[in-house]
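A quick write-up on the structure given underneath.
The values are calculated or read from the model by the stated rules, or taken from the named source; none is laboratory data. Model, not experiment: these values are computed from the prediction. Cβ atoms come from the backbone with ideal geometry, glycine included; neighbour counts cover every protein chain shown. The accessibility values were calculated without ligands, DNA or RNA, using every heavy atom of the protein model including side chains. Shrake-Rupley method; radii C 1.70, N 1.55, O 1.52, S 1.80 Å.
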Amino acid sequence: MALPRAGHAVSAGLAARLLLLLGGIGACVACHTQDPFAGTTAQAGQVRMNQLGFLPGAQKLAVVEGDRALAFVVEREEGGGVVLSGTTTAPAVWKPARREAAIADLGALTAPGRYRVRVEGLPPSDPFPVDAQAYSALADASLKSFYLIRSGTPVEAAHAGQFARAAGHPDETVEIHASAASPGRPAGTVVSAPGGWYDAGDYNKYVVNSGITTWTLLAAYEHFPEFFRGRELGIPESGDGVPDILDEAWWNLRWMLAMQDPGDGGVYHKLTNLRFDGMVMPDQAVKRRYMVGRSTAAALDFAAVMATASRVYASYEAQFPGEPARMRAAAEAAWRWAQAHPDSFYRQPQDVRTGAYGDEKLDDEFAWAAAELYLLTGDAHYLEAFARHARDADVPNWADVGALGWISLAAHRQRLPAASRDAAERQVGQLAARLAAQSRESPWRVAMQPRDFVWGSNAVALNQAMVLLQAYRLERERTYLDAAQSQLDYVLGRNPLGVSFVTSHGLRTPMHIHHRPSQADGIAPPVPGLLSGGPNPGQQDRADCKGVAHYRSAVPALSWIDHDCSYASNETAINWNAPLVYVSSAIQYLAPL
Ligand code: 9MR
Ligand code: 9MR
Ligand code: CA
């Protein structure tokens, strides 16, 4: 197996050296069609890079897999000669792919234009732009995707073009499941909780996952308000004087408010069918819907998000009259319920099969809610609660939200007592420094380690970027911005699969995501702007993929299939798309000169 490949590499290498000798690379625009590597994927010998290209002043890295340092040049796509030349770094093994890779640094390339990289002996890279708006369309589309997955409303052709669809899941008659009963709302009570976003490829709505998702969008706005003001996405609310990102978040917040039991402030864990719907459009999925469970995690995530939203929407009181106060009261009631029920863990009832989002480690949820409530109210007892529960920050995910509290405190550090200010800066700084070091030591220059290749690994990459961007905001150290850029590059194609993992954004993108509307709408391309979960050697969907598709590799960074059976590697989810919005918007906005 290895021999013929090495043979090709040598002959292709010789051919390219010859071309270099003849000074003929500019004339060789079409020669890649005869290249022995053309058409292969996930093999050594391809130039991998961000398929959306780069901002003019940004770090620009490409990766070449293989065991030798190689000479490279950058040329204009349309010919016209070499604009940059160099040699890759010495290759080293990247553990997540168990293969060697080397970096080609294209950073000296700053003039806008369209280019290709040619590496000695290899097929030319994809063409890529250097463009001051390289990520604008991605930032808008990743946010617009939340409109396209709204529950309980038609998605209009005026806003969605061919992806228009009928309303589904009105959720105006939702039954209280036995697991969610309370004195005021016994089992069988019918309540209403319309709106919100569908969680993922499925049509259920889960408070825990909505928590981190909605916060991430609110944080994007809070951290970069100038970027979002005046950005028109083409959603029904566009032009109403409120930034579209806040209109979109409100669609979900209004639903979340209805997930609180008005009797005692408890929060339902999820609004769901008993079993997953079939692979049909939303209006064809008409199974009975239930409020299932009331959990401490849901109450605390709800409290954290409502406190954050109360703070953020305070400047839009005119457009959302009374809502900041309502959200504050809702947050405080949920917090009190959680104090009285500190260990109501979600346990999936016998008759319920949909997503669990179960979590039994709740110090991070307590700390996050306390941090946001402190910032909202200034009440010192929340800061004391935060201090009791807070642990060292780690990269956030739906089950570990501790970092979100640290990040909010750091963002509002001028309002903190000195000791808390130092702690917040230190926590964010230490975590980012660790990630930046991992990135620096990686042959792919990404922070991800083998253990990060879990269900939703692309969101791990983007949440690492989100943390790095916090350190950049605090310390203005260019290395943090560069490391965050590297994480975005990874998701947009600088990975061993050579795939840009966002539907419709890149040259090779997922076509068969696990997403019911994308599968059932009869339109070839999937709904645009959605992030595929990403490589996951857990392969928990193997039984469901049996006979239709198979993973070609179990190596962490390679364990991905572009097939709609693969919910463990190729589903979409709101908590994965939200850090894509955050990171693409932030990097576009922060564009270094
Ligand atoms: O569509 C469901 C997806 O959202 C979940 O992430 C996944 C794991 O819980 O389950 C999917 O539903 C599958 C179910 O678990 C088993 N039967 C086939 C369903 C569709 O693939
Ligand atoms: O993102 C979730 C992942 O961390 C879990 O390992 C996995 C299995 O429990 O569930 C994922 O969340 C799914 C949820 O349960 C149902 N909707 C689809 C979500 C993404 O696959
Ligand atoms: Ca937790």
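Annotations for the structure displayed:
- As an equivalent ellipsoid, the stretch 285-410 spans semi-axes of 25, 20, 13 angstrom, where each value is the square root of five times an eigenvalue of the C-alpha gyration tensor, largest first.
- Computed 3J(HN,Hα) for the stretch 75-84, one whole-Hz value per residue from the Karplus formula 6.51 cos²θ - 1.76 cosθ + 1.60 where θ = phi - 60°, is 10, 5, 4, 8, x, x, x, 7, 10, 7, glycine and proline marked x.
- Long-range amide H partners of Gly201 with built H, under 5 Å: Thr572
- Axis angle, to the nearest 10 degrees, between helix 363-377 and the longest C-alpha principal axis of the chain: 70 degrees.
- Counted charge near Arg275, where neighbours are those whose Cβ lies closer than 13 Å (Asp, Glu -1; Lys, Arg +1): +1
- The stretch 453-507-the stretch 420-446 distance, computed between alpha-carbon centres (Å): 14
- For the stretch 167-416, fraction of C-alpha pairs farther apart than 21 Å, in %: 56
- The calculated 222 nm mean residue ellipticity attributable to helices in the chain amounts to -12500 deg cm²/dmol, summing -39500 (n - 2.57) over DSSP H runs of n ≥ 4 and dividing by all residues.
- For the chain: lysine pairs under 26 Å (alpha-carbon distance), excluding those fewer than 8 apart on one chain: 8
- Relative to the longest principal axis of the Cα atoms of the chain, the long axis of helix 402-411 makes an angle of roughly 90 degrees.
- Range in the chain, longest, excluding exposed GluC sites (Glu not before Pro) [loop by DSSP; at most 12 other beta-carbon atoms within 10 Å]: 361-593
- The angle separating the long axis of helix 296-313 from the principal Cα axis of greatest extent in the chain is about 80 degrees.
- Amide N of the stretch 493-530 lying under 13 Å from the label point, which is placed 7 angstrom from the Cα of Ala157 along Cα→Cβ: none
- Area projected by the alpha carbon convex hull of the chain, averaged over all directions, nm²: 26.0
- Relative contact order of the stretch 167-416, defined on C-alpha pairs under 8 angstrom at six or more residues apart (%): 19
- For Ser85, neighbours were defined as the other residues whose beta-carbon sits under 12 Å from its Cβ, and their charges (Lys and Arg +1, Asp and Glu -1) total -2.
- Carbon and sulfur %, accessible surface of the chain computed with the full protein complex present, 1.4 Å: 54
- Remark: the chain carries a charge dipole of roughly 1080 debye about the Cα centre, counting +1 on each Lys and Arg Cβ and -1 on each Asp and Glu Cβ.
- Per DSSP, loop trypsin sites (Lys or Arg not before Pro) in the stretch 389-427 with at most 16 further Cβ within 10 Å: Arg391
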